[in-house]
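For reference, the structure is listed below as structure tokens.
The values are calculated or read from the model by the stated rules, or taken from the named source; none is laboratory data. None of these values were measured; they are calculated from a predicted model. Glycine gets a Cβ as well: all are built from the backbone with ideal geometry, and neighbour counts include every protein chain shown.
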């Protein structure tokens, strides 16, 4: 242990510690869990130059105030953009650029406001958060109580050894927070629905409901419920993150990271793994359509997404660039609006 820790002064509801989750435990009745947006976790790891498996803070819709203690902390802010301010020990306030890294000196405070666009923002820390692991993960499952549950004010989050020293780096903010098309495959029970109902499902404009959490989100839409004969007579079996269930009243629910291991509702579709972060990050009330694809297309989309994530470390740039390191300096408009000073005032 380094003796360094991040103190939670205040925090919004549903904030939690997350990592890659607990893959492989679903057979024992334990949800996989983990970050709603693993892309944001990878962005934070790239900005800090560390492993993608380290635990981070996930902030759902609301931020909080966090204080560095026991030594300096390197911080990266990724995921859904949120207003953020760094406050020095003397009280000076400086805005922080989102999707960038910074250093918090002991006693300094990071103040994060509500989300601007999207749903979940992330705080990565150099060395990662090293709360006690449970079943091989530090990820909090808010319903099951694993991983310590939701964060609350007064928590002291211990930080691991940090081998890096670089801050002031930047990544472009992704466009995944406002996608209008979410790719999906037909689910294991789509065959139960008549072709006309499947066509209507694929042509429907959905909106993310306010009835959402880490387990899943209702999908609002206009029109009659999706119905078919005998759809609710099946046996419960394993479900997957991204499955779109149709409840007994014919209303869809998209399952997210903390979804239950098994379920009995029919599953008409499954969101592609590549588009799951985009679905989870849509703002409440955001509209979208499902674009139905085949398995080959879904696999290729995931392959491209993983290649993009692997390239994050090569895409980071300094927030403030040294002119001596800008090879195309002469292509920039460095001077504009020059006058001689002899003109008559207008």
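In this structure, does residue 284 turn out to be in contact with a strand residue (DSSP E or B) (Cβ under 8 Å, 6 or more places away or on another chain) and either outside any strand (DSSP E or B) or modelled with pLDDT under 95 (or both)? Spell out the reasoning first.
Values: in contact with a strand residue (DSSP E or B) (Cβ under 8 Å, 6 or more places away or on another chain): yes; either outside any strand (DSSP E or B) or modelled with pLDDT under 95 (or both): yes.
When the stated conditions are applied, residue 284 passes them.
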Task: Those residues of the stretch 23-58 which are under 23 Å from residue 281 (Cβ atoms), at pLDDT below 95 and surrounded by fewer than 24 Cβ atoms within 10 Å (Cβ to Cβ), in sequence order - done: 23, 32
TODO: Keeping to the stretch 182-222, report how many residues are without any contact (Cβ under 8 Å) to a residue 40 or more places away in the chain and outside any strand (DSSP E or B).
DONE: 9
- [ ] From the list 160, 187, 216, pick out the single residue that is modelled with pLDDT of 90 or more, in contact with a strand residue (DSSP E or B) (Cβ under 8 Å, 6 or more places away or on another chain) and in the same structural domain as residue 77 (by TED's automatic domain parsing).
- [x] 160
- [ ] Evaluate the following for residue 77: is it assigned to a loop (DSSP other than H, G, I, E, B), surrounded by 20 or more Cβ atoms within 10 Å (Cβ to Cβ) and in contact (Cβ under 8 Å) with a residue 12 or more places away in the chain?
- [x] no
Open item on the list: One residue is enough: does the stretch 262-280 have a residue meeting the conditions more than 30 Å from residue 121 (Cβ to Cβ) and without any contact (Cβ under 8 Å) to a residue 12 or more places away in the chain?
Closed with: no
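Quick one: which residue in 151, 102 is in a loop (DSSP other than H, G, I, E, B) and surrounded by 14 or more Cβ atoms within 10 Å (Cβ to Cβ)?
Details: 102 fails: in a loop (DSSP other than H, G, I, E, B).
Sole residue among the options that is in a loop (DSSP other than H, G, I, E, B) and surrounded by 14 or more Cβ atoms within 10 Å (Cβ to Cβ): 151.
Yes or no, residue by residue, for (1) under 22 Å from the mean Cα position of the chain (by Cα); (2) farther than 15 Å from residue 206 by Cα; (3) in the same structural domain as residue 139 (by TED's automatic domain parsing):
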| site | (1), (2), (3) |
| --- | --- |
| 241 | yes, yes, no |
| 244 | yes, no, no |
| 249 | no, yes, no |
| 254 | yes, no, no |
| 262 | no, yes, no |
| 266 | no, yes, no |
| 272 | yes, yes, no |
| 278 | yes, no, no |
| 281 | yes, no, no |
